[in-house]
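The structure appears below as structure tokens.
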Amino acid sequence: MLGFGASPLGNVFDEVSPAQGERAVHAAIDRGINLFDVSPYYGKTLAEERLGAALLGRRDKVALSTKCGRYDTDCFDFSAARVTASIDESLSRLHTDYVDLLQAHDIEFGDRRQIIEETIPAMRRIQAAGKARFIGVTGLPLKMLADVAARGDVDVVLSYCRYNLLVRDLNRVLAPIAEEHDIGLINASPLHMRVLTKEGAPPWHPAPTEVREAGARVVDFCCKHGVEPVVFALRFCLDNPHVASTLVGMSSIEQLETNLRAMDYQMDPALLEEVNGLIAPVRDIIWSSGRPENNVQS
């Protein structure tokens, strides 16, 4: 399933007008996309505000996901009090009385014990109050996500930048734990946060130079073979049998149409084999994120 990542509505990558974003949301719903994921962190609440406005009159047509715990680049608070206040703030911005999924955002920046013993129980109380149907956690370091999934009490785990053409360790590290504990698995950033697009990575992208260069080679290869790079990269992720939904950021009808073309594209094994050769020197190279004790890489 293809999901709508709403971070671009908060001008995270480029300036997006409210009207453009609203048209993209409406068109996505009309085309059958029904999972929308956002966070108060994206654009310092701007993405939530814009998504909430765009969903007026259409809330019943979508599964809506937001997050708590991260509010700015270096602003994290996973305490029960902040999580409890955060959901009410998000519900107000989203113009709804509940979300379908509430997730603790980028948990590697928090204390693992607090996440398990305080944050998750607070989210369960929010669920019991009817403000969230399901709860989960998100982050980059797979070993921490797997540990919290195994020891915590969550319904969903969202992993980003860990399953795409450049990095593929999600299946090895996290997927078995999710399956064992009957936890839903969401794969985000299938384009490696724009590395696998013609536009390329934004200036703030944390990937090493060699990874960005490998992504550019994949994009060039696809173009030379008459395949849209985004379509090729998305199709690869959509074929993962362990993932319930693949979230891709979008903020325009043009991006939406490109993403939807991946649904009908049939992966060419010969092209994939050549792409595998192009990325072999940098495959599974990932950057550090969060506290050192949470950032033991797989």
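The values are calculated or read from the model by the stated rules, or taken from the named source; none is laboratory data. It should be emphasised that the depicted structure is a prediction, and the values quoted were computed from it without experimental measurement. Neighbour counts run over all protein chains shown; Cβ positions are idealised from the backbone, glycine included. Only protein heavy atoms, including side chains, enter the accessible area calculation; ligands, DNA and RNA are left aside. Shrake-Rupley method; radii C 1.70, N 1.55, O 1.52, S 1.80 Å.
Structure data summary
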quantity: Backbone HN-Hα couplings from phi across the stretch 197-206 [Karplus 6.51/-1.76/1.60, Hz, Gly and Pro as x]; calculated: 10, 4, 5, x, 6, x, x, 7, 4, x
quantity: The stretch 1-159: relative contact order in percent, alpha carbon pairs under 8 Å with at least 6 residues between; calculated: 18
quantity: Alpha-carbon Debye profile of the chain, log10 I(q)/I(0) at 0.11 Å⁻¹; calculated: -0.61
quantity: Label zone at Trp204 (point 7 Å along Cα-to-Cβ), backbone N below 17 Å, the stretch 22-49; calculated: 38-49
quantity: Cα gyration tensor category, rounded, prolate or oblate, for the stretch 64-136 with a/c compared to 1.5; calculated: oblate
quantity: Tail weight of P(r) past 12 Å, computed on alpha-carbon pairs of the stretch 94-154, percent; calculated: 65
quantity: DSSP-defined antiparallel bridges as percent of all bridges, the chain, nearest 5; calculated: 5
quantity: Cβ-derived FRET efficiency at R0 35 Å, Asp74 paired with Ala128, nearest 0.05; calculated: 0.65
quantity: Cβ-based net charge around Met267, under 15 Å, with every Lys or Arg adding one and every Asp or Glu removing one; calculated: -3
quantity: Highest average packing first - 138-145, 14-21, 169-176, Cβ atoms within 10 Å; calculated: 138-145, 169-176, 14-21
quantity: Those lysines that a straight Cα-Cα span of less than 24 Å connects to Lys61, excepting residues fewer than 8 apart in one chain; calculated: Lys131
quantity: Percent accessible area from carbon and sulfur atoms, the chain, protein chains only, probe 1.4 Å; calculated: 50
quantity: Residue-by-residue Karplus 3J(HN,Hα) for the stretch 77-90, coefficients 6.51, -1.76, 1.60, Hz, glycine and proline x; calculated: 8, 9, 5, 4, 5, 6, 4, 5, 6, 4, 5, 5, 4, 5
quantity: Residues in the stretch 265-298 that a label on Glu213 would reach, taking backbone N under 15 Å of a point 7 Å out along Cα→Cβ; calculated: 278-283
quantity: Virtual spin-label span in nm between Asp239 and Ala53, 7 Å along Cα→Cβ; calculated: 4.1
quantity: Qualifying lysines (Cα of each under 22 Å from Cα of Lys198; at least 8 residues distant if same chain); calculated: Lys224
quantity: Loop trypsin sites (Lys or Arg not before Pro), the stretch 225-293 (other Cβ atoms within 10 Å of the site Cβ: 15 or fewer; DSSP); calculated: Arg283
quantity: Alpha-carbon centroids, the stretch 124-146 and the stretch 242-272: separation in whole Å; calculated: 26
quantity: Other-chain or far-sequence residues with amide H under 5 Å of Gln103's (modelled H); calculated: Thr66, Lys67, Cys68, Gly136
quantity: Extension gain from Glu89 to His26, taking 0.36 nm per residue of separation minus the Cα-Cα distance; calculated: 20.3 nm
quantity: Added length on full extension, which subtracts the Cα-Cα distance from 0.36 nm per residue, Asp284 to Asp268; calculated: 3.6 nm
quantity: Relative contact order of the chain, pairs being alpha-carbon contacts under 8 Å that are 6 or more residues apart, as %; calculated: 19
quantity: Surface per residue (accessible, 1.4 Å probe) for the chain, Å²; calculated: 41
quantity: Segment Arg291-Asn34, length gained on full extension (0.36 nm per residue, minus Cα span); calculated: 89.1 nm
